[in-house]
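Accompanying notes for the structure given below.
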Amino acid sequence: MWGYVSVENIVSVVSALLLERRVVVQCGDPLLLSAITMALPHMIRPYQWQTHYIPFLPPSLADFIYAPVPLIAGVLQAPPAGYESDHIVLIVEQDFVLHAETVPRHPLLTAAMGNLLVKHSSVSAPARGAGSSRFPRRLVAPCSAESLAAVKEMVH
């Protein structure tokens with residue numbers, strides 16, 4: 001997640017989780033979708049996600065995201081009817097959070113994001129070239145000791 005999504009969008013999604021909103025992760029790559037969706041509940045530690053959690057929602061059950069309950073769900077593509085205004089949707093390929101403006105921001109988050117940006121820049125970078133990847137960000141040397149140390153610091 002850290003390599004593919006910007007710090008601002010990570011903070012928006014984590015804030016939405018702490019407010020028990022309906023969070024949907026949309027990504028066309030099933031492996032990346034599962035990895036990001038499975039990481040989200042761990043990002044609100046020491047709290048625990050106590051409600052619906054579906055890392056990979058099959059297209060045949062896409063209507064479940066309209067349930068009026070807090071949830072985390074991963075989908076390969078947007079449902080035919082689209083998203084409701086209270087869904088917080090992380091679109092990984094575009095590094096964009098749909099309806100992020102509905103999540104209130106605490107003033108201390110700006111300082112926290114400044115600290116995270118330094119560490120985040122050591123593990124990710126913008127994708128090279130216009131057509132090189134469908135993801136706007138990419139991992140930088142994900143197996144290096146420096147990158148692993150930076151990720152551990154961010155998560156801590």
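The values are calculated or read from the model by the stated rules, or taken from the named source; none is laboratory data. Nothing here was measured: the structure is a model prediction, and the numbers come from that model. Accessible surface is based on the protein model in full, side chains and every heavy atom, while ligands, DNA and RNA are left aside. Shrake-Rupley method; radii C 1.70, N 1.55, O 1.52, S 1.80 Å.
Taking Cα centroids, how far is the range 72-110 from the range 19-48 in Å?
11
Can you pull the percent of the range 46-122's accessible area that's carbon plus sulfur, 1.4 Å probe, other chains left in place?
That fraction is 64 percent.
Of all DSSP beta bridges in the range 1-115, what percent run antiparallel (nearest 5)?
About 20 percent, rounded to the nearest 5.
I need the shape label for the range 12-87. Rule: rounded when a/c is under 1.5, else prolate if a/b > b/c, else oblate, with a, b, c from the alpha carbon gyration tensor.
oblate
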